[in-house]
Structures are given as structure tokens and as C-alpha cells.
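A short write-up of the structure that comes next.
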Amino acid sequence: MAQSCVTPGVGQILDTMISLTRLTLLHRVIVAGGDSMALYLGLRQRGFLRTTTPALCRYKRTQHAIGFIAGRDIASQDAGACIERDLERISPFMTVNAGLALLVGSGENGLKIRAKLEKLGFRIDAGVRCSQGLVLSASRQGYEQIARAA
């Protein structure tokens, strides 16, 4: 039996993110955050071979239809700042009609994250509570028009 390299607890988060974004094997996925390598390995083990991180990405911009963000310390004080930084890192790699799933804690950082998502052209679609926190699903529709107007 093959041993899994994925951190315990990441499997449930990954399953939730996959179902919220309706990820298929044909989508390009970019992952970020403190647990990005665990997400990367988990997706690769599930057969999602078009998965990368910003550090490993060979493509310049706007190639990825789905983005996943999960951090290690979602309950810490600076978790919101880390998520915002990760959003800024992967946003340029995502298409104008991209989907996003991110793991957030249940702290007071929710308003900051929502404002950052809206600034980057994302609209929150759904949220699902899991053992690690809250997984939000967001989509970006027509971001190209917003970016051109700014």
C-alpha cells in the first residue's frame, strides 16, 4: 500500500476545495499559502497533473483557471495578512474567469479578506465549514473589464 505524503487534515480541505471549484483534470491549478506544498502533492496524487505553485510556475500570466490557498496558522493574528499576500501572489497567474478556494479561520479577518477579494475582482460564492476552519469559494467574472477601467 502506498504511503501518502499529504499532511493529515489536508485531505478533507482538498476534497472540499475540489468540490467547491468543480475542478476537473483539464484545469490548470495554482496553489499558495503555508500548506501549498501539501496541497500540491495532494492534487498530484489525485491525478491533477496541471498543478503548480507561484515559485514553480513556468507560465508568465493568466494561465490558471483555479487557485487554492491554505495556510498553516489560520488561527494566528497575522493570518489575514498572509492570505492577502498569497492572493496578491497568485492573482496575476489566474484567468479573467477564474475560480478560487481558500481556507480562512473564523476570526475577525473576514472583512479584510472579503475586501481584498473584491479588489482583485472575485465574488464570494459559497463557504463550507470543515475541521480546519472555513473554506470559501470565489469566482472572478469579467475581471478584464474592471482592470481596464482602473
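The values are calculated or read from the model by the stated rules, or taken from the named source; none is laboratory data. None of these values were measured; they are calculated from a predicted model. No Cβ is skipped: glycine too gets one built from the backbone with ideal geometry, and neighbour counts run over all protein chains shown.
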So, in segment 52-71, how many residues would count as being crowded, with 18+ Cβ neighbours inside 10 Å, free of Cβ contacts under 8 Å to residues at least 40 places away in the same chain, out of contact with any Gly (no Cβ under 6 Å at 6 or more places or on another chain) and not β-branched (V, I, T)?
3
Kindly establish whether I74 is surrounded by 19 or more Cβ atoms within 10 Å (Cβ to Cβ) and either modelled with pLDDT under 90 or under 20 Å from S131 (Cβ atoms) (or both).
yes
Taking the residues in segment 112-128 that are more than 11 Å from L102 (Cα to Cα) and without any contact (Cβ under 8 Å) to a residue 12 or more places away in the chain as candidates, determine which candidate is surrounded by the fewest Cβ atoms within 10 Å (Cβ to Cβ).
A115
Any residue in segment 39-51 that is among the aromatic types (F, W, Y), modelled with pLDDT of 90 or more and crowded, with 23+ Cβ neighbours inside 10 Å?
no
When you check L111 against the structure, is it assigned to a helix (DSSP H, G or I) and either acidic (D, E) or modelled with pLDDT of 90 or more (or both), yes or no?
no
